[in-house]
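The values are calculated or read from the model by the stated rules, or taken from the named source; none is laboratory data. No experiment lies behind these values; they were computed from the predicted model shown. Cβ: placed from backbone, ideal geometry, glycine included. Neighbour counts: every protein chain shown. Only protein heavy atoms, including side chains, enter the accessible area calculation; ligands, DNA and RNA are left aside. Shrake-Rupley method; radii C 1.70, N 1.55, O 1.52, S 1.80 Å.
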Amino acid sequence: GSPEQPAGEPAATPVVTEQAKSIAVLPFVNMSSDAEQEYFSDGISEEILNSLARVKELKVAGRTSSFAFKGQNQDLRQIGETLGVEHILEGSVRKSGTKVRITAQLIQVDDGFHLWSDTYDREMDDVFAIQDEIATAILTQLKAHLLDGEQVTVTTARADSEAYDLYLLARQRMYERTGPTIQSAAELLDQAIAIDGAYAPAYAQRGIATLLLSEGSGTYGEIPLEQAQSQGKLYLDKALELDPELAEAWAGLGLYHLGGLTADSWQQATGPLQKALALNPGLINASNWLNNAYQALGKPAEARKVVMDMIERDPLYRPGVRNAINSFNIFGQPELAMAHLDRIRPMIPNESAIYSSEAAVLRFQGRFSEALTLADSAVELQSSNSVARLT
């Protein structure tokens with residue numbers, strides 16, 4: 001369980017700082033005649049977000065938070081304020097047969113000024129070139145306005161276009177984090193691997209899917225733990241053999257060690273997870289798993305650093321919400337916990353994560369009957385949520 005006593009000094013009060021060198025990539029709008037193609041426009045947005053997240057001096061808002069504004073037509077200033085960013089990239093994707101048209105514009109939040117916009121018409125097998133071009137163009141624009149240092153060129157791992165399509169669909173399903181959607185993602189990834197056996201990201205996601213489909217708490221399936229561990233590891237090893245610098249694969253390796261359930265294996269999880277975050281600081285699952293490893297090792301101060309970075313990057317990422325609240329409580333700072341909830345509540349008002357987190361703060365303050373009412377509401381909203389039930 002969580003230690004009740006703080007270890008070491010509590011970290012300084014976290015503040016959301018707006019940085020000039022900061023950007024949120026909103027999900028590009030699917031303009032294709034087929035609504036089913038939305039996974040593709042989401043996937044493209046996310047690939048660009050990931051390319052940008054690898055640039056050390058740029059703060060990039062996390063996927064969960066950027067995607068929270070999907071289809072909402074929110075005021076850009078409100079989005080910039082909630083995410084603590086100065087720039088927003090938005091765009092659209094129209095896919096028709098083998099052709100794809102992508103438009104993108106880079107906007108300054110404070111005055112709505114368009115710094116740059118462009119349209120790309122390409123063949124589908126060229127979709128990687130477009131992503132790289134867009135990400136490189138944005139960096140060039142940001143560099144002209146903000147960034148110092150060398151010219152950055154972005155290159156995404158290439159794949160067969162059909163395999164890539166399956167991979168994007170699988171990855172969007174993985175985010176839903178239910179047994180059936182992860183199972184479906186695993187099947188799509190098998191198809192992708194069958195078409196293109198050299199595409200490392202597909203193996204990395206397949207390994208993570210296998211680990212998440214094991215039986216136990218915090219996982220989503222029925223595969224016996226030992227079997228899931230050994231199978232998952234094979235996929236992750238293959239991904240790293242194909243691409244030793246693949247952040248997703250290192251993150252998966254961390255998850256693998258986390259599933260070992262011994263202090264030794266938890267300790268072993270920290271190295272790969274730190275490597276994943278060094279390669280891609282925006283990989284929010286890796287941050288969450290690193291937090292879990294530190295908590296399991298009884299290191300609340302280290303866990304806290306990770307969690308504070310998580311809520312700075314991706315304030316609406318659900319596991320991060322609750323982990324941050326627990327951390328504030330452990331360090332005896334319920335007022336900071338409430339301030340964080342107040343900041344994100346307008347974006348996700350009717351959420352199990354918000355109710356159960358608020359219940360945890362009230363419980364910490366000894367306000368048990370109020371806490372119980374909120375905890376009941378959390379379970380009512382999402383009965384499968386184990387954290388809500390535990391609260």
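See the values below:
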read-out: Per-peptide average of other Cβ atoms within 10 Å, ordering 246-252, 102-108, 81-87 highest first; value: 246-252, 81-87, 102-108
read-out: Lysines with Cα under 30 Å of LYS56, excluding same-chain neighbours fewer than 8 positions away; value: LYS21, LYS70, LYS143, LYS233, LYS238, LYS275, LYS299, LYS305
read-out: Region 159-238: relative contact order in percent, alpha carbon pairs under 8 Å with at least 6 residues between; value: 26 percent
read-out: Carbon plus sulfur fraction of accessible area for the chain, probe 1.4 Å, in percent; value: 50 percent
read-out: Surface per residue (accessible, 1.4 Å probe) for the chain, Å²; value: 44 Å²
read-out: Percent RCO, i.e. relative contact order, over the chain, from Cα pairs under 8 Å lying at least 6 residues apart; value: 14 percent
read-out: Positive-end residue of ALA371, LEU255, GLN141, charge dipole of the chain with Cβ unit charges; value: ALA371
read-out: Relative packing of 304-311, 171-178, which averages over residues the other C-beta atoms within 10 Å, highest first; value: 304-311, 171-178
read-out: Part-to-part distance (alpha-carbon centres) for region 200-249 and region 323-356, which is given in Å; value: 31 Å
read-out: Unit charges at the beta carbon, dipole of the chain: most positive-side option, ALA278, LEU52, LEU169; value: ALA278
read-out: For region 323-369, alpha-carbon Rg and Dmax in angstrom; value: 10.0, 28
read-out: For PHE67, net neighbour charge (Lys/Arg +1, Asp/Glu -1) across residues whose Cβ lies under 13 Å away; value: -2
read-out: Kyte-Doolittle mean at least 0.5 and Cα axial length at least 24 Å: DSSP H helices in the chain; value: 127-145, 179-195
read-out: The chain, helix-only ellipticity at 222 nm - DSSP H runs n ≥ 4, -39,500 (n - 2.57), divided by all residues, nearest 500; value: -18000 deg cm²/dmol
read-out: Debye intensity ratio I(q)/I(0), log10, region 56-120, q values 0.13, 0.24, 0.27, 0.29 Å⁻¹ (C-alpha model); value: -0.42, -1.13, -1.25, -1.31
read-out: Among VAL387, PRO224, ASN30 the positive-end extreme of the charge dipole of the chain (Cβ point charges); value: VAL387
read-out: Unit charges on C-beta of K, R, D, E only; dipole of the chain, Debye; value: 740 debye
read-out: Segment GLU36-SER265, length gained on full extension (0.36 nm per residue, minus Cα span); value: 78.3 nm
